[in-house]
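Next up is a structure, given as structure tokens.
The values are calculated or read from the model by the stated rules, or taken from the named source; none is laboratory data. All figures in this text were calculated on a predicted structure; none of them were measured in a lab. Every residue, glycine among them, receives a Cβ derived from its backbone with ideal geometry; neighbour counts consider all protein chains shown. Side chains are part of the model used for accessible areas, which takes the heavy atoms of the whole protein and leaves out ligands, DNA and RNA. Shrake-Rupley method; radii C 1.70, N 1.55, O 1.52, S 1.80 Å.
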Number of protein chains: 2
Amino acid sequence: MANEAGQPPALDNLSLADKAPSSKATAQVITPFDVSGGVDESGKLLPVDYEKLTREFGATPITPDLLERFERVTGHRPHRFMRRGIVFSHRDLTKILDLHEKGKEFYLYTGRGPSSDSMHVGHTVPFEFTKWLQDVFDVPLVIMLTDDEKYMHSQKIKDVEDAKNFAKSNVKDIIAVGFDMKKTFIFSDFEFVGGAFYENICRMAKRITINQVRGTFGFNDSNNIGEFHFCATQSATAFATSFPHIFGTDKKKVSSIPCLIPCAIDQDPYFRQCREHAEKMKYKKPSLIHSIFLPALQGPGSKMSASVDSSAIFMSDTPKQIKTKINKFAFSGGKETAEEHRELGGDTKADVPFQYLTFFLEDDEELERIRVAYEKGEMLTGEMKQRCIAELQEYVKGFQERHAQVTPEVVAKFMSQRPLEWNGNPNPVVAEKK
Amino acid sequence: MANEAGQPPALDNLSLADKAPSSKATAQVITPFDVSGGVDESGKLLPVDYEKLTREFGATPITPDLLERFERVTGHRPHRFMRRGIVFSHRDLTKILDLHEKGKEFYLYTGRGPSSDSMHVGHTVPFEFTKWLQDVFDVPLVIMLTDDEKYMHSQKIKDVEDAKNFAKSNVKDIIAVGFDMKKTFIFSDFEFVGGAFYENICRMAKRITINQVRGTFGFNDSNNIGEFHFCATQSATAFATSFPHIFGTDKKKVSSIPCLIPCAIDQDPYFRQCREHAEKMKYKKPSLIHSIFLPALQGPGSKMSASVDSSAIFMSDTPKQIKTKINKFAFSGGKETAEEHRELGGDTKADVPFQYLTFFLEDDEELERIRVAYEKGEMLTGEMKQRCIAELQEYVKGFQERHAQVTPEVVAKFMSQRPLEWNGNPNPVVAEKK
């Protein structure tokens with residue numbers, strides 16, 4: 001994963017303004033290495049147009065009908081991310097629902113490109129959603145830390161050991177989201193590449209030409225062979241046969257187990273390629289479910305960077321830091337003066353604190369009350385910020401409490417190649433051994 | 001190893017005549033995927049010009065002075081391959097001699113691209129030489145079976161399992177050359193890629209651009225990402241840190257252990273790239289020692305194929321098959337009639353049976369007697385063939401006797417990741433554990 005799943009894009013991926021003369025408008029670009037809604041004539045960064053992206057990528061929007069079916073099949077009300085268009089498009093989610101309906105097997109796959117920075121709230125979005133899907137479906141989950149790719153792609157990471165250490169530290173953050181150890185395998189590529197996984201990497205690599213990668217990822221001939229090759233690695237994780245310790249070694253049976261990949265939309269290009277070749281490899285195409293990015297504090301379209309402290313709420317921030325950042329940096333959709341605001345109302349679409357509430361406030365009715373009150377001018381900017389601060393403080397506190405419980409032993413357990421247990425049954429590896 | 005080390009090039013790598021209009025001459029091309037001396041105006045394949053190749057590759061010819069130093073330093077008379085220009089050029093062999101002189105560590109590395117065909121005499125040339133070097137230097141040896149590359153490059157190999165099976169079967173042939181189990185580790189990439197080896201693969205991959213591979217290997221944008229990426233894998237074996245089970249984990253110490261790579265000249269492009277980047281990775285550049293190809297039965301410049309039975313002597317051939325093939329197919333440098341031959345003498349440079357004797361007859365004086373007698377016309381073609389048949393029958397018989405002893409247990413032992421022992425001492429892994 002070149003960009004951390006669901007993260008607000010990092011500074012070095014977003015320096016479009018440096019690439020294009022500021023007097024000229026540029027189009028929207030979304031690859032795993034470049035995420036931008038483009039630049040207007042004045043050089044201002046534009047928000048990502050997700051609807052246009054869905055069309056261009058050839059993905060399918062998540063419709064009210066699909067949400068209804070999801071609820072019917074799973075018995076769970078769709079997650080607030082789904083209800084609010086934060087998880088907004090998919091590929092073959094319906095096939096996963098078909099399988100779940102029939103009690104057939106599948107698994108979940110997500111990941112993160114490990115970096116030195118601790119996670120911010122944006123990073124947690126697809127992980128939160130993945131945890132919820134795991135609870136709803138009761139299936140195994142694999143989480144891939146692409147330390148190999150980070151090392152090969154980044155000019156800043158000089159040493160393999162650094163990338164491995166970032167992975168180890170990022171695993172603690174991921175575990176703190178609340179995954180169920182019994183059904184979750186977390187791995188770093190540097191530790192796990194080999195064996196059945198490596199075989200699938202080669203199977204995929206044989207089918208992807210240099211031409212295809214160049215087109216899909218925007219690479220050129222000065223990119224290194226590791227960067228080109230990595231898309232085979234990210235794809236190979238989408239095949240259950242890469243995990244004999246979880247699914248066993250009955251090749252025919254395991255080949256028929258598909259996965260569902262919850263990820264931020266920028267990761268879609270990897271899996272388009274994976275889906276193109278999967279059936280030729282006698283595997284199932286992975287299904288996908290895409291999320292949008294959490295806007296930066298400075299608002300949608302502004303540059304956000306994990307290394308610029310004022311641009312994001314970090315999962316390691318204190319309650320006071322959260323308060324200060326929201327009050328000081330969060331872009332407001334309110335009017336210049338309280339009087340004007342009371343008269344004309346605020347703009348919730350531009351208001352970052354309100355946007356954050358759409359991500360993190362569970363209660364739909366309360367969210368709607370806040371929206372109406374703000375747009376009518378009954379609720380002032382200060383109140384909106386306070387509400388957002390309280391919600392984020394609560395969210396981050398829960399995370400930090402879980403984080404404190406993540407000992408090196410817990411990390412080692414999540415990362416050990418072991419049988420998993422799900423659906424109330426011992427897993428097939430255990431069953432095979434009997 | 002795209003072409004088996006030291007093999008007479010396979011048919012599908014040599015179909016230059018199909019690529020170029022037969023009316024036009026083409027230049028010599030040597031890459032791991034294309035080995036040809038070129039085609040003359042009439043469409044006839046020309047023998048490889050090894051002197052020109054040494055110049056073009058920027059390698060160093062092996063001189064009488066170097067041979068003298070080799071003998072002085074090792075206390076061994078240079079191998080007949082070295083005395084006769086079959087092992088003809090090198091890179092930094094002198095550095096290896098320096099180390100040996102000082103009693104310092106290095107190791108040997110060679111390999112083979114596994115194929116369905118059993119080895120022919122040409123395949124054994126670099127292995128024979130490597131075995132001899134191992135005996136002379138008393139150092140560890142790693143032998144890499146590039147089943148991953150064969151699978152990704154070959155249109156014929158549809159399945160990973162097939163490539164793995166070829167590797168397993170080829171290992172038996174390699175062991176039958178006579179390697180010392182205590183100091184030899186044989187591995188297949190599908191089994192061994194991972195861990196410290198994979199880290200070195202990524203370190204190398206980060207440094208090689210698409211541009212560099214295209215130039216060096218003659219690939220284009222329709223080649224797959226696995227083919228491009230593989231040159232990092234072949235290079236990573238040249239670093240002792242890839243083998244913690246042999247050299248231990250003292251990073252600083254192990255990083256300073258170089259290797260000597262005996263290989264056929266077509267493999268040189270991989271290691272030119274490896275040498276270019278090694279020092280930036282804080283490793284030592286590998287040294288190389290290059291051999292020429294054994295000519296096909298039909299003579300130098302003719303197409304030879306492991307899948308065309310009449311073009312080669314196989315290590316599985318019976319004495320009778322050897323006799324028939326030499327008598328029937330081996331190109332002769334003799335004259336049309338016995339009378340003419342007696343009068344004008346034969347041409348040893350064109351005579352395949354004599355060429356084979358230069359590879360396999362140990363006695364220099366006898367070889368010289370044969371040469372003189374044939375060129376003077378005192379020795380007839382039939383006699384030359386008989387001498388060659390006897391020598392090859394003996395060579396193949398020894399191989400087959402050793403081959404019969406190679407049980408699955410022996411294969412498993414050679415391929416297990418274990419400490420090795422050399423130079424009369426327990427190895428550093430054992431020492432570290434104490």
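If I go through region A:233-243 residue by residue, how many of them are part of a helix (DSSP H, G or I) and away from every other protein chain (no Cβ under 14 Å)?
1
Could you list all residues from region B:215-232 that are more than 7 Å from chain A (Cβ to nearest Cβ), without any contact (Cβ under 8 Å) to a residue 24 or more places away in the chain and part of a helix (DSSP H, G or I)?
Residue satisfying the conditions is B:Gly215 alone.
Let me ask you something else. Residues in region A:291-300: is at least one part of a helix (DSSP H, G or I) and either of a type in the set (Lys, Arg) or open to solvent by 30 Å² or more (accessible area, probe 1.4 Å) (or both)?
Narrowing region A:291-300 to residues part of a helix (DSSP H, G or I): none.
The answer is no, given that none of the residues of region A:291-300 is part of a helix (DSSP H, G or I) and either of a type in the set (Lys, Arg) or open to solvent by 30 Å² or more (accessible area, probe 1.4 Å) (or both).
Could you please find all residues in region B:140-175 being hydrophobic (A, V, I, L, M, F, W, C) and either surrounded by fewer than 22 Cβ atoms within 10 Å (Cβ to Cβ) or within 21 Å of A:Ala196 (Cβ to Cβ) (or both)?
Across region B:140-175, the qualifying residues are B:Met144, B:Leu145, B:Met152, B:Ile157, B:Val160, B:Ala163, B:Phe166, B:Ala167, B:Val171.
Can you report the number of residues in region A:387-430 which are out of contact with any helix residue (DSSP H, G or I) (no Cβ under 6 Å at 6 or more places or on another chain), aliphatic (A, V, I, L, M) and either closer than 23 Å to A:Thr124 by Cα or modelled with pLDDT of 95 or more (or both)?
6
With respect to the numbered conditions (1) open to solvent by 20 Å² or more (accessible area, probe 1.4 Å); (2) aromatic (Phe, Trp, Tyr); (3) in contact with a Pro (Cβ under 7 Å, 6 or more places away or on another chain), which one is the sole condition not fulfilled by B:Tyr50?
All conditions are met except number (3).
Follow-up question, since we're still on this one. Does A:Tyr356 satisfy the criteria of being over 25 Å from the mean Cα position of the chain (by Cα), crowded, with 18+ Cβ neighbours inside 10 Å and of a type in the set (Phe, Trp, Tyr)?
Considered against the rule, which asks whether it is over 25 Å from the mean Cα position of the chain (by Cα), crowded, with 18+ Cβ neighbours inside 10 Å and of a type in the set (Phe, Trp, Tyr), A:Tyr356 comes out as no.
Inside region B:166-213, can you point out the residues that are farther than 25 Å from B:Lys156 by Cβ, touching a strand residue (DSSP E or B) at 6+ places or on another chain (Cβ under 9 Å) and not in a helix (DSSP H, G or I)?
Residues satisfying the conditions are B:Phe179, B:Asp180, B:Thr184, B:Phe185, B:Lys206, B:Arg207, B:Ile208, B:Thr209.
Any residue at all in region A:247-254 that's among the aliphatic types (A, V, I, L, M) and buried (at least 24 other Cβ atoms within 10 Å of the Cβ)?
no
Which of the residues spanning region B:45-98 are in contact with a Leu (Cβ under 8 Å, 6 or more places away or on another chain) and without any contact (Cβ under 8 Å) to a residue 12 or more places away in the chain?
B:Pro78
Based on this model, can you work out whether B:Phe81 counts as modelled with pLDDT of 95 or more, among the aromatic types (Phe, Trp, Tyr) and within 30 Å of A:Thr209 (Cβ to Cβ)?
The answer is no for B:Phe81.
So, one more: When you scan region B:256-266, do you find a residue that is within 24 Å of the chain's Cα centre (by Cα) and within 14 Å of chain A (Cβ to nearest Cβ), even just one?
no
Determine which member of the set A:Met379, A:Met384 is part of a loop (DSSP other than H, G, I, E, B), assigned by TED's automatic domain parsing to the domain that holds A:Glu340 and either in contact (Cβ under 8 Å) with a residue 12 or more places away in the chain or open to solvent by less than 50 Å² (accessible area, probe 1.4 Å) (or both). Walk me through how you get there before you give the answer.
Numbers: A:Met384 fails: part of a loop (DSSP other than H, G, I, E, B).
From the options A:Met379, A:Met384, the qualifying one is A:Met379.
Being among the polar types (S, T, N, Q) and out of contact with any strand residue (DSSP E or B) (no Cβ under 9 Å at 6 or more places or on another chain) is the filter here; which residues of region B:35-91 pass it?
Correct list: B:Ser42, B:Thr63, B:Thr74.
Given the structure, is A:Arg69 farther than 23 Å from A:Tyr270 by Cα, open to solvent by 20 Å² or more (accessible area, probe 1.4 Å) and of a type in the set (D, E, K, R)?
yes
Taking the stated definitions as given, is B:Ile292 modelled with pLDDT under 95 and of a type outside the set (D, E, K, R)? It would help to see each step written out before you state the result.
Numbers: modelled with pLDDT under 95: yes; of a type outside the set (D, E, K, R): yes.
Judged against the criteria, B:Ile292 is a match.
Go through region A:310-342 and give me each residue that's modelled with pLDDT under 95, in contact with a Lys or Arg (Cβ under 8 Å, 6 or more places away or on another chain) and surrounded by fewer than 18 Cβ atoms within 10 Å (Cβ to Cβ).
A:Ser310
Right, something else. Across region A:176-206, which residue is nearest to A:Val160 (Cα to Cα) among those that are crowded, with 21+ Cβ neighbours inside 10 Å, within 7 Å of chain B (Cβ to nearest Cβ) and of a type outside the set (Phe, Trp, Tyr)?
Per the stated criteria, the residue is A:Val193.
Any residue at all in region A:349-372 that is under 15 Å from A:Ile175 (Cβ atoms) and at pLDDT 95 or above?
Taking region A:349-372 as the starting set, the residues that turn out to be under 15 Å from A:Ile175 (Cβ atoms) are none.
The answer is no; no qualifying residue exists.
Here is a follow-up. Identify, please: which residue in region A:77-104 is under 21 Å from A:Gly122 (Cβ atoms) and β-branched (Val, Ile, Thr) and is, among those, surrounded by the most Cβ atoms within 10 Å (Cβ to Cβ)?
The selected residue is A:Val87.
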